[in-house]
Amino acid sequence: MSTYEARLKALRDQMQKDGIDGFVVPICDEHMSEYVGDYAQRLAWLTGFGGSAGAAVVLKDKAAIFVDGRYTIQVRDQVDGKLYEYVGTADQSMIDWLRANAPEGSSIGYDAWLHTQEWVKSAEAKLAKKNANLVAVTANPIDAVWDDQPEPSLAKLDVQPDEFAGKSASDKRSDIATWLNEEGLDATVIAALDSVAWAFNIRGKDIANTPVPRGYAIVKADGSAELFVAPEKLTDDVRVHLGNAVALRDYGDFPKALTEYRDQKVGVDPERSVAAIFDQLTDAGAQIVKKRDPTILAKAIKNETEIKGHKAAQARDGAALSRFLHWFSQEAPKGGHDELSVAAKLAAFRGQSDKLMDLSFRTISGAGPNGALCHYSVNEETNRKIETGTLYLVDSGGQYRDGTTDVTRTIAVGEPTAEMIKRYTQVLQGHVALAQAVFPKGTTGGQLDILARQYLWADGVDYAHGTGHGVGAYLSVHEGPQRIAAFGGFAEPLVAGMICSNEPGYYKTNAFGIRIENLILVEARAVTGAEQEMLGFETLTFAPLERRLIDVAMLSAGQRQWVDDYHAKVRAVIAPQLEGADLGWLEVQTAPL
């Protein structure tokens, strides 16, 4: 019996003990985080799936794993098809699969600390049509059978100084209090980890590559607050920073604290708060008002200090990436390198800066066909050699105290094929179209997404991910509420000060992947004769593009000029940080096309 077969059997045995006929296993934690701590990696432990988004449903006699288009190939590589049916969420939702497959009259278990209230209500409604019940378990059955499950991190918190935050924590909480009074609320629950970090100007090390502390907060209309973190995580500096207006309570006290709000109006974000929070407040007799977490938009719209810091981080990061690209151009064709060794080399170049705090996510290091897995995560089993005649896709970033970076470059190893050049140029054309966009205030990312896809669509191809996501300020590399995508957050208007990624791509299964990613800042744009406020983008990322993959004949005069102008900016920003052979290489790579 394989490891994952044994784990599946152990879960089913525990389900029988718990009196449930099925169990839902998401990738999630108690804060609805995209990236979770090791203790919460239940889906990976159960199935072997290493992606950052997905879920599984286990019934007595069948099981299924659900992923979106980013992981169509990866899930088949990592998860045993004899144990789990592969289901694409674009074809069938998890709830619809449950409705179709759950036995009549069955009881399906779920952990109320890992799902939203909306999901629970939707699942209950669908299951009711089969006389089946959705049951909140008192203890997660995976935790009962995961013998070596890690404990939650007890890493110390640290302070994000005002010189980087641009606004004091007390001023931020004062803004939240003003909002609470305007909305007629007594308090609001802050459940998202990056929101807690931002509101209190604190950072942590509880999730790999994302500098957030594991904690909850409740902010009150008088400007005071309660912060729920494990006491072992607190230092004297953090206590002094938080001050007397913040009551410090143990993380485990949070459920009990919710029962203290009887007859009070409490704002709760239904998208970022789990069902258990609603259940606790409802049982306590609180008046729940569903409102977006008041930090979300404020956090997304960077202040002047954060923008200045981000640009400094980008210049530093671009120099490290450029040194790596030069090294790769010399060493990769010689052979002897693989995805893991090359990713380690890139991390080493970044690590030459004493300002690097961490990587911003695990580097996507995809050689040849692995590059076609758009969110590929290399390990010892999948590790491929870097071979001549292939493309190498590297998506990476750094966490610096003054900013978070995220950049993708696609590199030809040896001579690229005509198809590789064509597709890269089409992706570049879409990237340029989005970078050059000028649009009215109120425009959403969903309205702009097609600009990046148009050249691929015209040739009958596409990519199965969004074009852009928000980015935090020494916080999460994926930050909402804005997105440049035709789905998920597409309705959020873009506002000056937001940072987004611009990352169209193309992926040919079992062959190669292409992605070009820069970060861009939404900014006010002066347009002669304009009758309304207009916005545009300033590109923030600076590293050379792959000249050998650009078919100049396919570019319009305007597109070619954009590439030349971009490379001139790269040279201006990066050249002063390089010397010797690195500098000579940069000058060649950034010369006009």
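The values are calculated or read from the model by the stated rules, or taken from the named source; none is laboratory data. Note that the structure is predicted; figures quoted are calculated from it, not measured. Heads up, the Cβs are rebuilt from the backbone with ideal geometry, glycines too, and the neighbour counts pull from every protein chain shown. When the accessible area is computed, the model is the full protein with side chains, heavy atoms only, and any ligands, DNA or RNA have been set aside. Shrake-Rupley method; radii C 1.70, N 1.55, O 1.52, S 1.80 Å.
If you check Tyr474, Tyr463, Tyr455, which single one turns out to be outside any loop (DSSP other than H, G, I, E, B) and touching a residue at least 12 places away in the same chain (Cβ under 8 Å)? Step through it out loud before you land on a result.
Details: Tyr474 fails: outside any loop (DSSP other than H, G, I, E, B); Tyr463 fails: outside any loop (DSSP other than H, G, I, E, B).
Criteria check complete, one pass: Tyr455.
A quick yes/no check of all residues on (1) closer than 30 Å to Glu492 by Cα; (2) touching a Lys or Arg at 6+ places or on another chain (Cβ under 9 Å); (3) of a type in the set (Val, Ile, Thr):
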| residue | (1), (2), (3) |
| --- | --- |
| Ala348 | no, no, no |
| Gly398 | yes, yes, no |
| Ala418 | no, no, no |
| Lys441 | yes, no, no |
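Of the residues that sit in segment 504-534 and are among the acidic types (Asp, Glu) and modelled with pLDDT of 95 or more, which one is farthest from Tyr392 (Cα to Cα)? Show your work before the answer.
So the first thing to find is which residues in segment 504-534 are among the acidic types (Asp, Glu), and the list is 517, 523, 531, 533.
Next, from what is left, pick out any that are modelled with pLDDT of 95 or more: 517, 523, 533.
Numbers: Glu517: 14, Glu523: 33, Glu533: 41 Å.
Filtering segment 504-534 for residues that are among the acidic types (Asp, Glu) and modelled with pLDDT of 95 or more, the one farthest from Tyr392 (Cα to Cα) comes out as Glu533.
Which one of Arg323, Arg384 is under 25 Å from Ser501 (Cβ atoms) and of a type in the set (D, E, K, R)? Working first, answer last.
Numbers: Arg384 fails: under 25 Å from Ser501 (Cβ atoms).
The unique qualifying residue is Arg323.
Say we look at segment 536-557 and pick out the residues that are in a loop (DSSP other than H, G, I, E, B) and hydroxyl-bearing (Ser, Thr, Tyr); which of these is most open to solvent (accessible area, probe 1.4 Å)? Show your work before the answer.
The first filter runs over segment 536-557 and keeps only residues in a loop (DSSP other than H, G, I, E, B), leaving 540-546, 550-551, 555-556.
Now narrow it down to the ones that are hydroxyl-bearing (Ser, Thr, Tyr): 541, 556.
Working: Thr541: 5, Ser556: 55 Å².
It comes out as Ser556.
Please work out which residue is least open to solvent (accessible area, probe 1.4 Å), limiting yourself to segment 191-222 and to residues that are in a strand (DSSP E or B) and of a type in the set (Lys, Arg). So that I can check it myself, show each step before the final result.
Let us first name the residues in segment 191-222 that are in a strand (DSSP E or B), namely 202-203, 207, 210, 216-220.
So of that shortlist, the ones also of a type in the set (Lys, Arg) come out as 203, 220.
Details: Arg203: 8, Lys220: 63 Å².
Here the residue is Arg203.
Being farther than 20 Å from Asp61 by Cβ and at pLDDT 95 or above is the filter; apply it to segment 92-117 and report the residue that is most open to solvent (accessible area, probe 1.4 Å).
If we filter segment 92-117 for residues that are farther than 20 Å from Asp61 by Cβ, which is where we start, we get 93, 111-117.
So of that shortlist, the ones also at pLDDT 95 or above come out as 111-117.
Working: Asp111: 19, Ala112: 11, Trp113: 64, Leu114: 9, His115: 10, Thr116: 23, Gln117: 34 Å².
Among those that are farther than 20 Å from Asp61 by Cβ and at pLDDT 95 or above, it is Trp113.
Pairs only if they're at least six apart or on different chains, beta carbon under 7 angstrom, first in segment 550-568 and within 15 Å of Thr590 (Cβ to Cβ), second exposed (fewer than 13 other Cβ atoms within 10 Å of the Cβ); list them, first residue then second.
Arg560/Val552; Asp564/Pro592
If you go through segment 378-401 one residue at a time, how many are open to solvent by 30 Å² or more (accessible area, probe 1.4 Å) and under 21 Å from Asp317 (Cβ atoms)?
1
Being surrounded by fewer than 20 Cβ atoms within 10 Å (Cβ to Cβ) and in contact with a Gly (Cβ under 7 Å, 6 or more places away or on another chain) is the filter here; which residues of segment 319-351 pass it?
Pro333
Would you confirm whether or not segment 433-452 contains a residue that is at pLDDT 95 or above, under 16 Å from the mean Cα position of the chain (by Cα) and either open to solvent by 10 Å² or more (accessible area, probe 1.4 Å) or at negative phi (or both)?
Checking segment 433-452: not a single residue is at pLDDT 95 or above, under 16 Å from the mean Cα position of the chain (by Cα) and either open to solvent by 10 Å² or more (accessible area, probe 1.4 Å) or at negative phi (or both).
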